[in-house]
1. Here are B:Pro81, B:Pro68: which of them is in a loop (DSSP other than H, G, I, E, B) and either surrounded by 20 or more Cβ atoms within 10 Å (Cβ to Cβ) or more than 16 Å from ligand 4 (Cβ to nearest atom) (or both)?
2. Just checking, which of A:Leu182, A:Leu190, A:Leu186, A:Leu196 is of a type in the set (A, V, I, L, M, F, W, C), farther than 24 Å from A:Tyr147 by Cβ and within 15 Å of the chain's Cα centre (by Cα)?
3. Working carefully through the options A:Gly74, A:Gly122, find the one that is away from ligand 1 (no atom under 16 Å from the Cβ) and either crowded, with 18+ Cβ neighbours inside 10 Å or away from chain B (no Cβ under 14 Å) (or both).
4. How many of the residues making up the stretch A:33-74 are hydrophobic (A, V, I, L, M, F, W, C) and in a loop (DSSP other than H, G, I, E, B)?
5. Among the candidates A:Phe97, A:Phe30, which residue alone is in contact with a Phe, Trp or Tyr (Cβ under 7 Å, 6 or more places away or on another chain), open to solvent by 20 Å² or more (accessible area, probe 1.4 Å) and assigned to a helix (DSSP H, G or I)?
6. What do you reckon, is B:Val229 surrounded by fewer than 21 Cβ atoms within 10 Å (Cβ to Cβ), aliphatic (A, V, I, L, M) and within 16 Å of ligand 1 (Cβ to nearest atom)?
7. Among what's in the stretch A:81-94 and is surrounded by fewer than 16 Cβ atoms within 10 Å (Cβ to Cβ) and part of a loop (DSSP other than H, G, I, E, B), pick the residue that is farthest from ligand 2 (Cβ to nearest atom).
8. From B:Phe18, B:Phe6, which residue is open to solvent by less than 40 Å² (accessible area, probe 1.4 Å), in contact (Cβ under 8 Å) with a residue 24 or more places away in the chain and under 27 Å from B:Arg158 (Cβ atoms)?
Amino acid sequence: MPRVDVPLARLKFAQTQRRDMWWVAPLVVFTILSSFIGYATWAALQNEHYSWGPYLSPFYSPLLFASVGKSWFGKPPGWFPHWMSPAMLILGIPAGFRLTCYYYRGAYYKAFWADPPSCAVGEPRKSYLGERSFPLVIQNVHRYFLYLAIIFIFILGWDVWEAMWWPDASGTRHFGIGLGTLVLALNVGLIASYTLGCHSLRHLVGGWMDRFSGRPVRKAAYDCVSCLNRRHMLFAWCSLFAVMGADLYVRLCSMGVINDWRII
Amino acid sequence: MAMGTFKVWRGDREKGEFREYKTDVSEGMVVLDAVHQIQAESAIDLAARWNCKAGKCGSCSAEINGMPKLMCMTQIADLPPGETVTIEPMKAFPLIRDLVTDVSWNYAVKKTIKKFSPRKPDAPDGTWRMQQEDIERVQEFRKCIECFLCQDVCHVLRDHHQHAEFMGPRFFVYTAALDMQPLDTEERIEHLKGEGGIGFCNITKCCTKVCPEEIKITDNAIIPLKERVVDEFYDPIKKLFRVFGGRR
Ligand code: SF4
Ligand code: SF4
Ligand code: FES
Ligand code: FES
């Protein structure tokens, strides 16, 4: 690349002529993301109150092992440390997916690393590597997390189906819908809207091609993903609140703090 | 008619300072009008570049109240009423004088990008056939007026001065316009990753925020190009698919 031979002025940290409250947006992102990480870690460590009736908290789904109740592989095997909860086995996938998401990346580089603190506002550090070299070059694995995240949509969808079947005293299951079913359904809807608007998916379904004519299915898929992609930021936040809300709802029901409202 | 106060950067590469000017502001005035009035009334030697006064030539780029903007498209009525308006030159390029910067680095960068290279003509008369749906994506990028506001706001250039290793958002848009063109046959991904330094971009979207043509630079140009780089350099499975899947 050509060079600029004249030295340019170095901007100091937070130096700007901006007069608007440029620090509000990164502060809000910082607060929400830190609270979410705090809550999710706490919830994942609890190892209790993650299910109630037919409901299962999305933080614990898929439930691979469980000491009581239904799970994919029954009781925890001998090698499974006592202090670990089954949530800790699976949370790495949604966490990795969000951590490497293009939208969140841009947002947390600003909010947590001040790189930049906000647009046209001076930075605290002189050196810069970006995503070109280790460690941030690892962000390029995002599409692999996407593949796993798509599987999670089906698993969470299955949980909603399960949340419609209520066992009676004899163990027979009857169809029914509670507020919790709707909470879980809303959660999977928002997570799906977030996941299916992923930039990597947009690329994989058609973005890598230069020609759509004569490929109507691809074109339709690309248009659908692009449509969700335009609202990717919105769904990123809504789904974050939804998943936290869904865990909280199941948790509070299980703890007896609130009573589920049985609709049907 | 109200009086407006403007703090304008005056100086050259060696030294400079903000100087305050007052001038009448009337309805419908843009910042460039105020600069012209100041030139006429109190600072005849104030250097400012402009050409079309219609947001189409990309010459009047500056920083107004700290944000990169076109002076001719910034209505004074949209700025905080009664407050002093700050006008500075762009910071990512060498200053020539007052509000004028030397943006020639951008033209040199452009020359490093491989030119449009179409496939063989589709018809015997030497013409090509294209469908609208194939060209829609690149039409957005063709709106670029080369104002270089996106280059100015990008922290990789503005704060980290990586001009020698990073071509900047304007040239990702330009590369995307060529690389996604259905007739084009050239390969630009390696240049993009290497010399172009697309990996330096941390997708913080400031370029998108300031683009006067409202090009979704990050979402529609940079990220899709980053994904093409992943195909080529970081994703073993996709690479295999491409070997057997044919051309795009
Ligand atoms: S998104 Fe990338 S190119 Fe655009 S301003 Fe941010 S770092 Fe620069
Ligand atoms: S992409 Fe937008 S901001 Fe950048 S040079 Fe073109 S018109 Fe200006
Ligand atoms: S880009 Fe956000 S989920 Fe892939
Ligand atoms: S004078 Fe042409 S864009 Fe402002």
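1. Exactly one of B:Pro81, B:Pro68 is in a loop (DSSP other than H, G, I, E, B) and either surrounded by 20 or more Cβ atoms within 10 Å (Cβ to Cβ) or more than 16 Å from ligand 4 (Cβ to nearest atom) (or both), namely B:Pro81.
2. When all the criteria are applied, what remains is A:Leu186.
3. A:Gly74
4. The qualifying residues number 7.
5. A:Phe30
6. On the way: surrounded by fewer than 21 Cβ atoms within 10 Å (Cβ to Cβ): yes; aliphatic (A, V, I, L, M): yes; within 16 Å of ligand 1 (Cβ to nearest atom): yes.
Judged against the criteria, B:Val229 is a match.
7. Per the criteria, the residue is A:His82.
8. The conditions single out B:Phe6.
The values are calculated or read from the model by the stated rules, or taken from the named source; none is laboratory data. Here the structure is a predicted model, which means the values were calculated and not measured. Virtual Cβ from ideal backbone geometry, glycine too; neighbours counted across all protein chains shown. Please note that ligands, DNA and RNA were not included when accessible areas were found on the heavy atoms of the full protein model with its side chains. Shrake-Rupley method; radii C 1.70, N 1.55, O 1.52, S 1.80 Å.
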